Amino acid sequence: MTLPRDYRGQTCALARSMEIVGERWTLLILRDAFYGVRRFGEFAAHLGVPRAVLTGRLTTLTEAGVLTRLPGTGTGRREVYGLTPKGVALWPAVRALTVWGEEFYAAGGGPRRVFLHAVDEARLEPDGRCTGCGAAVPVQDVLVAPGPGLAAAAPEDDPVTAALARPHRLLTPLLTTAPSGRPTKGSP
């Protein structure tokens, strides 16, 4: 029996939210959008998600107003996806789930990625405050950087994985040009 896509009979806000972000792959797509992934092929290569599933999740997020799809530059069909203000408002939830995962399901060697305040490069507390200056850091001022648990870059890494091996400000496009050819799947 196929599970329904909605929570009929549930009137709480969490149930309504889960209808948008609760499907498998959706939070990872959102995480990558915060990292600056913008093109369909970049999401597909980095996540290893089946293309039909990715299409469905991107459509749901776009129809819900979490992502927007804009024409990209270059030739051919080159739309790019970006977070809307409604999507950016999900950052505290994405950050909290990431912190929770690092606490209870950490990779060997420490966190794969760390969040820093771009202004002073001090680490962020689990609640998003800067350990250096104490400021509540807005998402556009968060720097994601490789952590001690991140594996060394490999030649077969997809372009997103390779780019995330360097510090990068969230919400800034991660790749400035579309990858040539079809990228290979890397480690998410």
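The values are calculated or read from the model by the stated rules, or taken from the named source; none is laboratory data. All values derive from a computational prediction rather than experimental measurement. Glycine gets a Cβ as well: all are built from the backbone with ideal geometry, and neighbour counts include every protein chain shown. Just so you know, the surface numbers come from the protein's heavy atoms only, side chains and all, with ligands and any DNA or RNA stripped out. Shrake-Rupley method; radii C 1.70, N 1.55, O 1.52, S 1.80 Å.
Couple of notes before you dig in:
- Residue within segment 7-20 that is without any contact (Cβ under 8 Å) to a residue 12 or more places away in the chain and on the phi > 0 side of the Ramachandran plot present: yes
- Only a single item in (1) at pLDDT below 95; (2) more than 18 Å from residue 144 (Cα to Cα); (3) buried (at least 16 other Cβ atoms within 10 Å of the Cβ) is not met by residue 98, and it is number (2).
- Residue within segment 117-128 that is of a type in the set (A, V, I, L, M, F, W, C), touching a Leu at 6+ places or on another chain (Cβ under 7 Å) and touching a residue at least 12 places away in the same chain (Cβ under 8 Å) present: yes
- Contact map, segment 45-65: residues that are free of Cβ contacts under 8 Å to residues at least 60 places away in the same chain paired with residues that are of a type in the set (Lys, Arg), Cβ distance under 6 Å, separation 6+ or inter-chain. Pairs shown: 62/69; 65/86.
- Some residue of segment 25-48 being open to solvent by less than 10 Å² (accessible area, probe 1.4 Å) and hydroxyl-bearing (Ser, Thr, Tyr): yes
- Segment 49-97, residues that are over 14 Å from residue 33 (Cβ atoms) and among the hydroxyl-bearing types (Ser, Thr, Tyr): 55, 59, 73, 75
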